[in-house]
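Since the structure comes first, as structure tokens, the remarks are kept for the end.
Throughout, read-outs are computed from the coordinates displayed, never taken from laboratory work. From a predicted model like this one, the values you see are computed outputs, not experimental measurements. Note that we place each Cβ from the backbone using ideal geometry, even for glycine, and neighbour counts take in every protein chain shown.
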Amino acid sequence: MVKPTSYQIAAAAAQDAGNRSMRKAGRKRWSSKDYNAACAEFNRILPLKVAAKKAGK
């Protein structure tokens, strides 16, 4: 089994955060608030500087 990358873990956690936000508000589709919650979680786990460094920039 292949170990997931940091990016994959951050993306999965971000999706979970967006889904939690959506369900907590009683919606069936993401709103901009849910997207913002997902982005905040992704950036918390994998800050932009780390992501750019891993991409070789």
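Worth pointing out:
- Computed from the alpha carbon atoms alone, the convex hull of region 6-54 holds 60 Å³ per residue.
- Karplus-derived 3J(HN,Hα) values for region 40-45, using 6.51 cos²θ - 1.76 cosθ + 1.60 with θ = phi - 60°, are 4, 5, 4, 5, 5, 7 Hz; glycine and proline are entered as x.
- Placing unit charges on each Cβ (+1 for Lys and Arg, -1 for Asp and Glu) gives region 6-54 a dipole about its Cα centre, and among GLN8, SER31, PRO47 the Cα reaching farthest toward its positive end belongs to SER31.
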